[in-house]
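The values are calculated or read from the model by the stated rules, or taken from the named source; none is laboratory data. Predicted model only: the values in this text are computed from it and were never measured. Heads up, the Cβs are rebuilt from the backbone with ideal geometry, glycines too, and the neighbour counts pull from every protein chain shown.
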Amino acid sequence: MKVVTVVGNRPQFVKAAAVSRRLAEHAEEVLVHTGQHYDAAMSAVFFDELGVPRPALELQLGTGSNTEQTARMLSALAPVLADERPDCVLVYGDTNSALAGGLAAAQAQIPVAHVEAGMRSFDRAMPEELNRVLIDHLSSLLLCSSAASAAHLRAERAVGRVEVVGDVMVDVALLVQPRARRDDAPLRDAGVQPGGYVLVTAHRPGNVDDPGRLGRLVALLLALPLPAVLPVHPRTAARLEAAGLLDGLVAAEHIRLTPPLGYLAFTALLTRARAMLTDSGGVQKEAYLAGVPCVTLRDTTEWTETVEAGWNVLVDLDTDAALRALARPRPAVRPPLYGDGQAGERVVDALLGAHSGSWSAVTGRCTDERRRRLPGPRQSETL
Ligand code: UD1
Ligand code: UDP
């Protein structure tokens, strides 16, 4: 079996770390890096630290609007897929790189396997929500992190085969967190003590692109009652600079700004933080796994199980709510969520299983019984 895997963003390099080496034992993988993230601190460091195989192709297509990026990637990926002629295309998550990989493949009638399928924030203002929905509905194999995401796909009548495999980021976190917990160097570098600081990340366009919202984010950070380490995402760095808000953060004694960190240093800081403040998807999950309470700087999340378990509170950019959330006691229990660290193996098994017979059930013409048997539109849905 030959698989073209399309990656391009920081969290996808982490996800590929759980799958690529295992996949190489059973199949030929051609790793294509769109270049959506290109700084060494946003890209190369993850390949180096996590042993992700070097990409066979680097397309260097970063920067620009979502539409421009996706269009450039589609144009570049079509000839790559025509040359490589893979048996399937594998994509992770919800970024422009994942949508471009999935759509280019579907248009070339190559089956698509989507890892982290079925996640929903139900907020179509997020570019990621549009990407996820589109990828899920063009994929043949929908590999889910949780039962809830599989239920979303069923509710939407997605036509691909749905399998709950667990979360591939959990595989990587479970391997790295125990080691990172003993690594004091990143705490020393940031000048913080175990349990005596919060770790912060923020990069969602909904929080940083609008100067008014960005001002609220900065006000929230300035109001924090303990030291805060903030590795600054390049989108956020650019917006803070443009809005004239960077100097106030630099001047604040309790805030330590750093460039984006490698996975090992970031995980070391995460595992010893008093709490995590973030608008990242992946980091909410990693905080839960590390037993670190999370305060999410959004009013929705795809990782609802972490909220239901009491370890994650959604505060949007409300400073009072954030301070209240930080003062909460830790929940007593932390049930296992999102799998057992073996998701990468299940992804490979699912790909091999699909290749050995049933891709045809969900690609090409409508031969799938499930699709034929779908009920027609309800009365209220007809014009
Ligand atoms: C993208 C994803 C988001 C994901 C995030 C992970 C989409 C729609 N968004 O958002 O889902 O959570 O990656 O971090 O795909 N830049 C650099 N150097 C880099 C990368 C980016 O300077 O290495 C700057 C560029 O000016 C770029 C901007 O940051 O235009 C935003 O990058 P982009 O990849 O478009 O979006 P993210 O905010 O990173
Ligand atoms: N991460 C990192 N260094 C940082 C910030 C995040 O290694 O300075 C890792 C983090 O541990 C997680 C991933 O990057 O594995 C999350 O990426 P991001 O928050 O950019 O994207 P999202 O998950 O929101 O799509």
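Could you figure out which of (1) more than 16 Å from ligand 2 (Cβ to nearest atom); (2) surrounded by 15 or more Cβ atoms within 10 Å (Cβ to Cβ); (3) under 25 Å from Leu142 (Cβ atoms); (4) not aliphatic (A, V, I, L, M) isn't true of Arg72?
The number of the failed condition is (3).
Report every pair of residues separated by at least 6 positions or lying on different chains whose Cβ atoms are under 6 Å apart, first residue within segment 190-205 and more than 10 Å from Leu269 (Cβ to Cβ), second at pLDDT below 95.
none
Give the residue that is surrounded by the fewest Cβ atoms within 10 Å (Cβ to Cβ), with candidates limited to residues of segment 191-205 that are in contact with a helix residue (DSSP H, G or I) (Cβ under 7 Å, 6 or more places away or on another chain) and among the small types (Gly, Ala, Ser).
Top of the filtered list is Gly195.
For segment 244-267, give me each residue that is aliphatic (A, V, I, L, M) and either touching a residue at least 60 places away in the same chain (Cβ under 8 Å) or within 11 Å of ligand 2 (Cβ to nearest atom) (or both).
Leu261, Leu264, Ala265
Of all residues in segment 120-135, how many are within 11 Å of ligand 1 (Cβ to nearest atom) and of a type in the set (Lys, Arg)?
1
Among (1) over 25 Å from Asp167 (Cβ atoms); (2) more than 12 Å from ligand 2 (Cβ to nearest atom), there is one condition Ala275 misses while meeting the rest; what is its number?
For Ala275, the exception is condition (1).
Give Ala44, Ala56, Ala24 a once-over and let me know the one that is within 11 Å of ligand 1 (Cβ to nearest atom), farther than 22 Å from Ile135 by Cα and surrounded by fewer than 24 Cβ atoms within 10 Å (Cβ to Cβ).
Numbers: Ala56 fails: within 11 Å of ligand 1 (Cβ to nearest atom); Ala24 fails: within 11 Å of ligand 1 (Cβ to nearest atom).
Going through Ala44, Ala56, Ala24 in turn, the sole match is Ala44.
May I ask you to say which residue of Val80, Val112 is under 30 Å from Ala150 (Cα atoms) and either away from ligand 2 (no atom under 16 Å from the Cβ) or modelled with pLDDT under 95 (or both)?
Val112
Consider Leu134 carefully, then state whether it is within 24 Å of Ala78 (Cα to Cα), out of contact with any Gly (no Cβ under 7 Å at 6 or more places or on another chain) and of a type outside the set (Asp, Glu).
In short, yes.
Is it the case that Ser97 is within 16 Å of ligand 1 (Cβ to nearest atom), surrounded by 18 or more Cβ atoms within 10 Å (Cβ to Cβ), of a type outside the set (Phe, Trp, Tyr) and at pLDDT 95 or above?
Details: within 16 Å of ligand 1 (Cβ to nearest atom): yes; surrounded by 18 or more Cβ atoms within 10 Å (Cβ to Cβ): yes; of a type outside the set (Phe, Trp, Tyr): yes; at pLDDT 95 or above: yes.
Judged against the criteria, Ser97 is a match.
Quick one: what pairs do we get from segment 21-50, first residue among the polar types (S, T, N, Q), second more than 16 Å from ligand 2 (Cβ to nearest atom) and outside any loop (DSSP other than H, G, I, E, B), C-beta under 6 Å, 6+ apart or different chains?
Here the result reads Thr34/Met73, each pair linking segment 21-50 to a residue that is more than 16 Å from ligand 2 (Cβ to nearest atom) and outside any loop (DSSP other than H, G, I, E, B).
So, of the residues in segment 225-257 that are over 27 Å from the mean Cα position of the chain (by Cα) and of a type in the set (Asp, Glu), which turns out to be surrounded by the most Cβ atoms within 10 Å (Cβ to Cβ)?
Asp247
Consider segment 222-232. How many of its residues are touching a residue at least 40 places away in the same chain (Cβ under 8 Å) and either within 16 Å of ligand 2 (Cβ to nearest atom) or among the aromatic types (Phe, Trp, Tyr) (or both)?
Result for segment 222-232: 2.
Would you check which residues across segment 8-41 are of a type in the set (Ser, Thr, Tyr) and either assigned to a loop (DSSP other than H, G, I, E, B) or at pLDDT below 95 (or both) and list them?
Passing the criteria: Thr34, Tyr38.
Here is a list of conditions, (1) free of Cβ contacts under 8 Å to residues at least 60 places away in the same chain; (2) crowded, with 24+ Cβ neighbours inside 10 Å, and Glu116 meets all of them except one; can you say which number that is?
(1)
When segment 175-220 is examined, which residues are found to be touching a Ser or Thr at 6+ places or on another chain (Cβ under 8 Å) and of a type in the set (S, T, N, Q)?
Gln177, Thr201, listed by residue number.
As an exercise: evaluate Tyr263 against (1) within 13 Å of ligand 1 (Cβ to nearest atom); (2) among the aromatic types (Phe, Trp, Tyr); (3) touching a Cys at 6+ places or on another chain (Cβ under 9 Å) and give the number of the one condition it does not meet.
Just one mismatch for Tyr263, condition (3).
Away from ligand 2 (no atom under 12 Å from the Cβ), part of a loop (DSSP other than H, G, I, E, B) and of a type in the set (Ser, Thr, Tyr): is that true of Thr63 in this structure? Outline the logic, then answer.
Working: away from ligand 2 (no atom under 12 Å from the Cβ): yes; part of a loop (DSSP other than H, G, I, E, B): yes; of a type in the set (Ser, Thr, Tyr): yes.
Spelling it out, Thr63 is indeed away from ligand 2 (no atom under 12 Å from the Cβ), part of a loop (DSSP other than H, G, I, E, B) and of a type in the set (Ser, Thr, Tyr).
Which of the following residues is within 13 Å of ligand 1 (Cβ to nearest atom) and either closer than 16 Å to Ala173 by Cα or not aromatic (Phe, Trp, Tyr) (or both): Asp279, Asp299?
Details: Asp299 fails: within 13 Å of ligand 1 (Cβ to nearest atom).
After ruling out the rest, the residue left standing is Asp279.
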